[in-house]
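Remarks on the structure that follows.
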Amino acid sequence: MQVSARGDYAVRAALGLAASYPATVSAQTLADAQGMPRKFLEAVLADLRRAGLVQGVRGAEGGYLLRQPPDQITVGSVLRAVDGPLAGVRGMRPEETAYEGTAAHLSELWVAVRSAVRGVVDEVTLAQLVSGRLPARVRKLTATPDAWLPR
């Protein structure tokens, strides 16, 4: 899985909002806290707003806030809001692919890859990430001997 800059910024911004929930936070404050360019962050926040995850508040005390409590928003929903489906193959969803010959079962692999990614990002909420209390199944994945090594 490749996480785009937009996806990374979206999750980081959502975590900033989760840590301050239910208070509003300005885009500038979020950008400064995470070292992100404000203009790009504002575009990301607009995507999150259109997806119904974030609400914008105008005025002197304005800013952004989560529309739901942080324990009800998953990382997967944030990523989908800015980048679309989690797994794609040449612009198609894995179940839409079809292959012949020796590659006949490749669609099954792509579906399994999507399922594995979902098994992490759809199980972790913003509240869990902010608190550092990841689900045991996810923590276990980070504890395998080669989890932190590049391949």
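The values are calculated or read from the model by the stated rules, or taken from the named source; none is laboratory data. Remember, it's a predicted structure, so these values are computed and weren't measured experimentally. Reconstructed Cβ throughout: ideal geometry from the backbone, glycine too, with neighbour counts over all protein chains shown. Calculation scope for accessible area: heavy atoms of the full protein, side chains included, ligands and nucleic acids excluded. Shrake-Rupley method; radii C 1.70, N 1.55, O 1.52, S 1.80 Å.
Against the list (1) touching a helix residue (DSSP H, G or I) at 6+ places or on another chain (Cβ under 6 Å); (2) open to solvent by 40 Å² or more (accessible area, probe 1.4 Å); (3) under 18 Å from Asp8 (Cβ atoms), the condition Pro85 fails is (1).
Among the criteria (1) basic (Lys, Arg); (2) in contact (Cβ under 8 Å) with a residue 12 or more places away in the chain; (3) loosely packed, with under 14 Cβ neighbours inside 10 Å, the one Arg139 does not fulfil is (2).
Listed by first and then second residue, the pairs linking a residue in region 2-31 that is modelled with pLDDT under 95 to a residue that is β-branched (Val, Ile, Thr) and open to solvent by less than 50 Å² (accessible area, probe 1.4 Å), with Cβ atoms under 9 Å apart and 6 or more places separating them unless they lie on different chains, are Val3/Val11; Ser4/Val82. Checked against (1) out of contact with any strand residue (DSSP E or B) (no Cβ under 7 Å at 6 or more places or on another chain); (2) at pLDDT below 95; (3) of a type outside the set (Lys, Arg); (4) open to solvent by 60 Å² or more (accessible area, probe 1.4 Å), Val130 passes all but condition (2). Scanning region 53-60 for residues that are within 29 Å of Arg151 (Cα to Cα) and either in contact with a Pro (Cβ under 6 Å, 6 or more places away or on another chain) or at pLDDT 95 or above (or both) turns up nothing. Residue count for region 12-41, restricted to those that are open to solvent by 20 Å² or more (accessible area, probe 1.4 Å) and either assigned to a helix (DSSP H, G or I) or among the hydroxyl-bearing types (Ser, Thr, Tyr) (or both): 16.
I'd like the full set of residues that are touching a residue at least 24 places away in the same chain (Cβ under 8 Å), within 17 Å of the chain's Cα centre (by Cα) and open to solvent by 50 Å² or more (accessible area, probe 1.4 Å), limited to region 42-69. Residues satisfying the conditions are Arg50, Ala51. Counting only residues that are closer than 19 Å to Ser4 by Cβ and acidic (Asp, Glu), region 75-128 holds 2 of them.
Results for (1) open to solvent by 60 Å² or more (accessible area, probe 1.4 Å); (2) modelled with pLDDT of 95 or more; (3) among the charged types (D, E, K, R), shown as yes or no for each residue.
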{"site": "Ala81", "(1), (2), (3)": "no, yes, no"}
{"site": "Pro94", "(1), (2), (3)": "no, no, no"}
{"site": "Thr97", "(1), (2), (3)": "no, no, no"}
{"site": "Leu106", "(1), (2), (3)": "no, yes, no"}
{"site": "Pro150", "(1), (2), (3)": "yes, no, no"}
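Screening Val117 on (1) part of a helix (DSSP H, G or I); (2) in contact (Cβ under 8 Å) with a residue 40 or more places away in the chain; (3) open to solvent by 60 Å² or more (accessible area, probe 1.4 Å) shows it passes everything except condition (3). Condition (residue is assigned to a helix (DSSP H, G or I) and of a type in the set (Asp, Glu)) applied to region 68-85: is it met by at least one residue? Checked region 68-85: at least one residue is assigned to a helix (DSSP H, G or I) and of a type in the set (Asp, Glu). For residues that are among the charged types (D, E, K, R) and in contact with a helix residue (DSSP H, G or I) (Cβ under 6 Å, 6 or more places away or on another chain), scanning just region 1-49, find the one that is nearest to Val113 (Cα to Cα). By that ranking, first place goes to Arg6.
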